Amino acid sequence: MEWNAFGVAERLMRYVQIDTQSDPNSTSFPSTEKQKKLAQVLLSELKEIGLEDATMDDNGYVMATIPATIAAEKIAALQLPIICFCAHIDTAPDCSGTNVKPILHQQYTGAPIVLPDDPSQVITIEKYPYLKNFIGKEVITASGRTLLGSDDKAGVAIIVSLAAYLMANPAIQHGPIKILFTPDEEVGRGADHIDFKKLNADFGYTLDGGALGCFEMESFSADQLILTIDGVMAHPGSAKGVMQNALKIAADIIAAFPKETWCPEHTEGKQGFVHPTHIEGGAEQVKIEFLIRDFDTANLERYETRILEIANAVVQANPNYNQAKLQIQVKQQYRNMKEIIDQHPAMVELALSAYKKAGIAPVIEPIRGGTDGSRMSFMGLPTANIFTGMQAIHSKQEWIGVSDMQQALQVLAYMVEIN
Ligand SMILES: [Zn+2]
């Protein structure tokens, strides 16, 4: 099977030329109307391929079904789950996505790749050791002024190519397969308006991962905590023995936090952290915002208790602070999707046996962040993440090796095929 026959590279290069940058400051949905332009292209393309039920809704979500090639009785007898492949159509706000000019480097030589529109942008093996795997093969980059947008148009291209492959090969036996393209993933809202009932799938897989073999089914659990410090105000001319300055208390509290542990700049792997991100206020009242992160959800509450203990200790240690009031407010952000995926071992097994069949060693690492997959998992669709090959994402040096996309396509084909 020559996977490139199904045009995954050609599709990626076509999709990235449509600007779909999302906007964190927008209050509309999707956050930018231009994302619908790509959604419209995908809708037409899926219909052309033969997915008759393809739709795009007002929010810019595209859904379609690759119809089963086996009888309903057989699907029922096999208890086949309905799986959904999902990718996001928007690109990151961090880097321009306007006038992306993708370049296909046919036979990468191993030499530095100087991007023509900004020669100061150079992609090298020294900087990206993974690039070594593509010497003699095809690599796609942008031209120097924009990101490439393989995050996540590589995922989109792989899924559309799967549909084209399966529709062109009706002899391959498979159940119904759902396709979902979402807007606004990069601004954290991609799962907001998914019509899960209409989608009607048992498991989901986002095609939004990096290097060959990566398989992600674990994310942080995340809360935001706001610590409010109320001081005691008085006219500064007659404040002796009365004033308790919230700013000074806040400064002492921040200074009392561990500096070499428990923070993002000193943690990795499975370690969690507490991260003060924002402070505002004045002498009367100060609010400090923290991000609380851990893979073990139970630790979040421990961290929150500890923050309050540290703050209380600061206030109690200083007689000038003894009238100050402390208060915490916790907002749940997202939860480790592993809590849900662990209840569905079949979805992990299905993916990993396809990796194996394709000769790909799985690399299972926790995501030190959250994804739409973690939110979708808790909204009723357990969702893990599969590699696409994308590298150096959200930057002008973003690149992707075409063979990785082809291998991902092969993995999907193995996942759905019944033999
Ligand atoms: Zn992505």
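Structure data summary
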item	result
Solvent-accessible area per residue, Å², over the stretch 106-259 with all protein chains present [probe radius 1.4 Å]	38
Global geometry of the stretch 1-154, whether rounded, prolate or oblate, following the gyration tensor of its Cα atoms and the 1.5 cut on a/c	oblate
Charge dipole of the chain about the Cα centre (unit charges at C-beta), most positive-ward option of Leu212, Asn320, Gln406	Asn320
Order of exposure, largest accessible area first, which applies to His235, His278, His344, His174 with probe 1.4 Å	His235, His278, His344, His174
Computed lengthening from Thr27 to Ala234, 0.36 nm per intervening residue step minus Cα-Cα distance	70.5 nm
Convex hull volume per residue in cubic angstrom - Cα atoms of the chain	160
Extended-chain gain in nm, criterion 0.36 nm per residue less alpha-carbon gap, Glu268 and Lys356	28.8 nm
Degrees separating the helix 150-168 axis from the principal Cα axis of the chain, which is the longest one	30
Listed residues Gln329, Gly272, Phe196: farthest to the positive end of the dipole of the chain (Cβ charges)	Gly272
Within the chain, percent of DSSP bridges classed antiparallel, to nearest 5	70
0 to 90° range, to nearest 10: angle between helix 297-317 axis and the chain longest Cα axis	20
Selection from Leu12, Ile82, Ala251 lying farthest towards where the dipole of the chain points positive, charges on Cβ	Ala251
Nearest-10 value in Å² for the accessible area of Ser120, using the 1.4 Å probe	90
Dipole moment magnitude, nearest 20 debye, the chain about Cα centre, only Lys, Arg, Asp, Glu C-beta charged	300
Heavy-atom SASA rank of Phe134, Phe378 (probe 1.4 Å, accessible area, largest first)	Phe378, Phe134
Potential lengthening between Gln343 and Ile310 on full extension [0.36 nm per residue; Cα-Cα distance subtracted]	8.2 nm
Cα gyration tensor shape for the stretch 97-245, rounded if a/c is under 1.5, else prolate or oblate	oblate
Two-site FRET efficiency, Val363 against Thr277, from Cβ-Cβ distance with R₀ of 25 Å, rounded to 0.05	0.25
Length-normalised contact order of the chain in % [C-alpha pairs under 8 Å, at least 6 apart]	23
Accessible area of Glu284 in the full protein assembly, 1.4 Å probe (Å², nearest 10)	110
Anisotropy class of the stretch 333-419 from Cα gyration tensor, a/c 1.5 cut	oblate
Projected label distance in nm at Gln106 and Ile172, using a 7 Å step from Cα toward the beta-carbon	2.8
Inter-part distance where the stretch 76-152 and the stretch 1-68 are each reduced to a Cα centre, Å	18
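The values are calculated or read from the model by the stated rules, or taken from the named source; none is laboratory data. The structure presented is a predicted model; accordingly, all values stated were derived computationally and were not measured. Every residue, glycine as well, gets a Cβ built from its backbone with ideal geometry; the counts of neighbours run over all protein chains shown. Keep in mind that these areas ignore ligands, DNA and RNA; they rest on the heavy atoms of the full protein, side chains included. Shrake-Rupley method; radii C 1.70, N 1.55, O 1.52, S 1.80 Å.
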